[in-house]
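Asker: Let me begin by handing over the structure; questions about it come next.
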Amino acid sequence: MSCWALLALKPPHLGKSRLGGTLTRRQREHLIITMFEHVLETLDTASEIDQIAVITPVPEILPQGVHALRDRGTGLNQALDEGRNTLTACGATEVLVLHADLPWLSPPEVDSFVCHGRKTGLALAPDHHGSGTNAIFLSPPGTFNFHFGTSSFRQHLAEARMRGLEPIVNTPRGFAVDIDEPADLQHYLDTRGGPLEPLLSPWSTTRWTASPKHFSPLHAAEHG
């Protein structure tokens, strides 16, 4: 088996617009990059993940060893479908699709999600509201249609029923908690102890600085 993780990343300066009334653009960029780095490090540590690929128009910010897939500007669901097909052509027999803003995600949660998903070939992780979808595991990758967007969890359940699949629904904190709204940010601060705490606490705009980390360009995977 070859299990690949697949993510999509917008240019950081365009992301998290719903936090615009709470954070400056520089703060939002720093938050996006920090959460993205955390998810990549988690996937790299997880024993069930063999390779990581990211669909993005800014491959220069990816660390070495992460495969870059071209973002053709077709929208998230079509981009993920194309990415999944590319990974299958590269030998992937399993694909874990997940978002890049999961600050509580841990390697044991990733391994458990993948292992449980193998029982039926499909696992879904709803967000903490129960309306969105933060991760999908597919084994084999197949032709399952992605429906990320409004009420995506309901739509992914319907997609599974249409295809006669029995999804494993898994809701560990690491997969459920994302940060999209000011309330999500406040909840994270109230919980404390997570990997973003050094960045977000104490809550002050004067504590936000540009990330000093320098990323190494990688060899992007080119596909026709």
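Asker: Output yes when any residue across segment 210-223 is at pLDDT 55 or above, touching a strand residue (DSSP E or B) at 6+ places or on another chain (Cβ under 8 Å) and open to solvent by less than 90 Å² (accessible area, probe 1.4 Å), and no when none is.
Answerer: Applying the first criterion (at pLDDT 55 or above) to segment 210-223 yields none.
No.
Asker: If you go through segment 71-109, how many residues are touching a helix residue (DSSP H, G or I) at 6+ places or on another chain (Cβ under 8 Å), surrounded by fewer than 17 Cβ atoms within 10 Å (Cβ to Cβ) and among the β-branched types (Val, Ile, Thr)?
Answerer: Count: 1.
Asker: If His116 satisfies all but one of (1) at pLDDT 95 or above; (2) under 12 Å from the mean Cα position of the chain (by Cα), what's the number of the condition it fails?
Answerer: So His116 meets the others, but not (2).
Asker: Do you know which residues across segment 34-70 are free of Cβ contacts under 8 Å to residues at least 60 places away in the same chain, touching a Phe, Trp or Tyr at 6+ places or on another chain (Cβ under 9 Å) and surrounded by fewer than 17 Cβ atoms within 10 Å (Cβ to Cβ)?
Answerer: Correct list: Asp50 only.
Asker: Cβ-Cβ distance below 8 Å, separation of 6 or more or different chains: which pairs start in segment 133-146 with a residue that is under 13 Å from Glu82 (Cβ atoms) and end on one that is open to solvent by 10 Å² or more (accessible area, probe 1.4 Å) and in a loop (DSSP other than H, G, I, E, B)?
Answerer: Once the first residue is under 13 Å from Glu82 (Cβ atoms) and sits in segment 133-146, its partners that are open to solvent by 10 Å² or more (accessible area, probe 1.4 Å) and in a loop (DSSP other than H, G, I, E, B) give Pro141/Thr93.
Asker: Looking only at segment 100-137, which residues are touching a Gly at 6+ places or on another chain (Cβ under 8 Å) and aromatic (Phe, Trp, Tyr)?
Answerer: Trp104, Phe137 - these are the residues of segment 100-137 that are touching a Gly at 6+ places or on another chain (Cβ under 8 Å) and aromatic (Phe, Trp, Tyr).
Asker: Exactly one of (1) open to solvent by less than 10 Å² (accessible area, probe 1.4 Å); (2) at pLDDT 95 or above; (3) part of a loop (DSSP other than H, G, I, E, B) is unmet by Leu124. Its number?
Answerer: The one condition Leu124 does not meet is (3).
Asker: Within segment 1-16, how many residues are closer than 15 Å to Leu98 by Cα and either open to solvent by 30 Å² or more (accessible area, probe 1.4 Å) or modelled with pLDDT under 80 (or both)?
Answerer: Going residue by residue through segment 1-16, those that are closer than 15 Å to Leu98 by Cα are 3-10.
Narrowing the set further to residues that are either open to solvent by 30 Å² or more (accessible area, probe 1.4 Å) or modelled with pLDDT under 80 (or both) leaves 8, 10.
Going through segment 1-16 one residue at a time, the tally reaches 2.
Asker: Right, Thr206: more than 16 Å from Ile32 (Cα to Cα) and at pLDDT below 60 or not? Before the answer, list the steps.
Answerer: Details: more than 16 Å from Ile32 (Cα to Cα): yes; at pLDDT below 60: yes.
Criteria met by Thr206.
Asker: Is there any pair with a first residue in segment 17-32 that is of a type in the set (Val, Ile, Thr) and open to solvent by 50 Å² or more (accessible area, probe 1.4 Å) and a second that is assigned to a helix (DSSP H, G or I) and at pLDDT below 80 whose Cβ atoms are under 6 Å apart and which are 6 or more apart or on different chains, and what are they?
Answerer: Pairs found: Thr22/Pro182.
The values are calculated or read from the model by the stated rules, or taken from the named source; none is laboratory data. Every value quoted in this text rests on a predicted model; they were computed, and no experiment measured them. Neighbour counts run over all protein chains shown; Cβ positions are idealised from the backbone, glycine included. Side chains included, ligands, DNA and RNA excluded: accessible areas come from the protein's heavy atoms. Shrake-Rupley method; radii C 1.70, N 1.55, O 1.52, S 1.80 Å.
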